[in-house]
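Here's the structure we're looking at; comments come further down.
Every read-out reported here was derived from the displayed coordinates using simple, explicitly stated rules and does not represent laboratory data. Here the structure is a predicted model, which is why all the values come from computation and not from measurement. Counting neighbours? That spans all protein chains shown, and the Cβs are built from the backbone with ideal geometry, glycine included.
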Amino acid sequence: MNNIPTQIRNKFIDKLKQQGISNISVLNAMGLIPRHIFVEAALKNRAYDDDALPIGFNQTISSPYIVGKMTQLIIESDNMEKVLEIGTGCGYQTAILASLFKQVITIERIKPLYEKSKLLLKNIGFKNIKNIYGDGYEGFTNSAPFDAIIMTAAPKEIPEKLVKQLKPNGRMIIPLDENGSQKLFRIKNTKNGILKKEVDDVLFVPMLKGIVK
Ligand code: SAH
């Protein structure tokens, strides 16, 4: 793999630590996966800044802090078998998840993004990622139930179909757009219903219905 130059990596990891990313597995994965190969050539020199960057089609790669924060929240439990990601985008978050979970299923609704990220992740050498071209609102019943679901686009309400694809006590990290203001939630699927905990203010692209060719 195309390693991150040491000096840049140290600065990148120090910044994440300052921002409250403390989980050592998350920091190791982010120090290993080269973010610069996921962004457009013209933006490579900004790949390790704490910014969301454009990836085409009006979409953005989430900032390193958000990727770290969401990953830290989703691995806060011992069951790391199977995770479903909604919104593959450029595939950076997918690569981080694949370094930590046994199996990652990731869904993208924009075909060129799906194709590009699928190829890139395959070329890096990941064998535990299944890329799906489809509408994330449907989830992926063939591989359900999941230990965890992570959403990188914001719906207006918790998609019921996705909750049904979680294992008992499974968790979901979801940015919700409620009345125009977005908040990140951690949801737990307990036998007494859904437990919902607010964790941060965020800004994600909207989760949209259907697929784009
Ligand atoms: N984790 C990605 C974030 C990309 S932005 C990254 O780091 O690059 C969010 C992505 O969610 C976009 O690519 C967008 O096309 C996708 N998306 C939005 N609604 C979706 C849906 N219903 N199903 C699947 N993907 C969706």
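Things worth noting here:
- Our estimate of slack between K213 and L32, defined as 0.36 nm per intervening residue step minus the Cα-Cα distance, is 61.9 nm.
- Of all lysines in the structure, those lying under 23 Å Cα to Cα from K188, and not within fewer than 8 positions of it along the same chain, are K69, K82, K102, K156, K161, K164, K167, K196, K197.
- Reach of K44 by Cα under 19 Å, taken over lysines that are not fewer than 8 positions away in the same chain: K11, K15, K116
- Each label was represented as a point 7 Å from its Cα along the Cα-to-Cβ direction; for N142 and A41 these points are 3.5 nm apart.
- Among the trypsin sites (Lys or Arg not before Pro) within region 118-184, those in coil by DSSP and having at most 10 neighbouring Cβ atoms inside 10 Å are K127.
- Per residue, the Cα convex hull of the chain amounts to 113 Å³.
- Modelled FRET efficiency - R0 41 Å, K161 with D14, Cβ distances, 0.05 increments: 0.50
- Computed FRET value (nearest 0.05) for D49 with K102, which takes r as the C-beta separation and R₀ as 30 Å: 0.40
- Computed lengthening from E198 to S181, 0.36 nm per intervening residue step minus Cα-Cα distance: 4.8 nm
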